[in-house]
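Enquirer: Got a structure for you, written out below as structure tokens; questions coming shortly.
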Amino acid sequence: QGQLVESGGGLVQAGASLRLSCAASGRTFRSAAMGWFRQAPGKEREFVAAIDWSGASTYYADSVKGRFTISRDNAKNTVYLQMNSLKPEDTAVYYCAAGPAFPTNRAGRYTLWGQGTQVTVSS
């Protein structure tokens, strides 16, 4: 089945940067698109970014475009989310997901999810 494990979350001040990692184990996802989603307290899970199997095609939510960058290293079976210029409204649990043939913002298309990593941005 496989497993996704996120890391890299933490508490930072507004304007700082963080890099999240998502390591896949148990099976390879080199042919699958991968995505990042987030969920803030009291809110629904929302799409953040997605990337195709090769890393050539990326897709971002408008709220993070220009500040966040998704990338992947298929040799390491790992996906990254570089987050710059963080804002308090970026505070959420960030989830990595895998599965679809093409990058998409539709959570239902992803078949495997990580446990999440907390990102807290103070003002």
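Enquirer: Please compute the per residue accessible area over the chain with all protein chains in place, 1.4 Å probe, rounded to a whole number of Å². If you can, show how the numbers build up before the last one.
Expert: Numbers: 6190 Å² over 123 residues.
Result: 50 Å² of accessible area for each residue.
Enquirer: Now for a different question. Modelled label-to-label distance, ASN105 and ASP62, 7 Å Cα→beta-carbon offset: nm?
Expert: Here the answer is 0.8 nm between the modelled labels.
Enquirer: Keeping all protein chains in place and using 1.4 angstrom, which order do TYR59, TYR95 fall into by accessible surface area, from largest down?
Expert: These residues rank, largest area first, as TYR59, TYR95.
Enquirer: If r is the Cβ-Cβ distance from LYS43 to ALA23 and R0 is 25 Å, what FRET efficiency results, to the nearest 0.05?
Expert: 0.40
Enquirer: While we're on this one: Counting every Cα pair in the range 58-123, what percent are over 19 Å apart?
Expert: Above the 19 Å cut-off, the range 58-123 has 37 percent of its Cα pairs.
Enquirer: Now, a different point. Suppose every K and R has +1 on its Cβ and every D and E has -1 on its Cβ; what is the size of the dipole of the range 55-123 about the Cα centre, in Debye to the nearest 20?
Expert: Numbers: 7 positive and 4 negative charges, 30 e Å.
Here the size comes out at about 140 debye.
Enquirer: Right, next: Run the accessible area of the chain with a 1.4 Å probe and give the carbon-and-sulfur part as a rounded percent. Kindly include the intermediate steps, with their values, before the conclusion.
Expert: Details: 2950 of 6190 Å².
Carbon and sulfur: 48 percent of the exposed surface of the chain.
Enquirer: In addition: At q = 0.19, 0.21, 0.26 Å⁻¹, what is the log10 ratio I(q)/I(0) for the range 1-77, with the Debye formula run over Cα points and no solvent?
Expert: Results for the range 1-77 at q = 0.19, 0.21, 0.26 Å⁻¹ read -0.94, -1.12, -1.44.
The values are calculated or read from the model by the stated rules, or taken from the named source; none is laboratory data. This structure is a prediction, so every number in the text was calculated from the model and none was measured. Methodologically, a virtual Cβ is constructed for each residue, glycine included, from the backbone with ideal geometry; neighbour enumeration extends over all protein chains shown. Please note that ligands, DNA and RNA were not included when accessible areas were found on the heavy atoms of the full protein model with its side chains. Shrake-Rupley method; radii C 1.70, N 1.55, O 1.52, S 1.80 Å.
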